[in-house]
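Please read through the structure below; I'll follow up with questions.
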Amino acid sequence: MPDNYKKIYFSVRRAYEPIPLQVKWDIENLNYDLMDTTDFKRPKKMSINDLIAFINDNFEGAGYRRDIVIAGAQKFKVSEQYLYRLMIEAFKTNKIIKTDDKWEVKEKQVNLFK
């Protein structure tokens, strides 16, 4: 080989894509906990009645949109976008009303044993 040529070697490195972490938001202590992704399965889609029952049980009938969406997506294992669309649909059918910044169930359940 002539003197004005150099040998150049290339090496190709392939790295595996990292496995995304699944975290769960704990609404009681406001921390994120790691979830085991080996048995992460998507259940059937939730309905408006499931959403209303969830708001009644966990937020006493009224809560901020972001809190409801994050906690509901974690519990029902659906996307936050789907849950927000479900809230809009419930709002259009007058099952959920919006007061100031909170989303409120129109017909709240009253707990007689508190």
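The values are calculated or read from the model by the stated rules, or taken from the named source; none is laboratory data. Values in this document were obtained by computation on a predicted structure and should not be read as measured data. With ideal geometry, Cβ positions are generated from the backbone for all residues, glycine too; neighbour counts draw on all protein chains shown.
Among all residue pairs at least 6 apart or on different chains, which show Cβ distances below 8 Å where the first residue, located in region 57-68, is of a type outside the set (D, E, K, R) and the second is assigned to a helix (DSSP H, G or I) and surrounded by fewer than 18 Cβ atoms within 10 Å (Cβ to Cβ)?
Phe59/Asp67
Here is a further query. Among the numbered criteria (1) over 13 Å from the mean Cα position of the chain (by Cα); (2) at pLDDT below 75; (3) surrounded by 10 or more Cβ atoms within 10 Å (Cβ to Cβ), which one does Gln22 miss?
(1)
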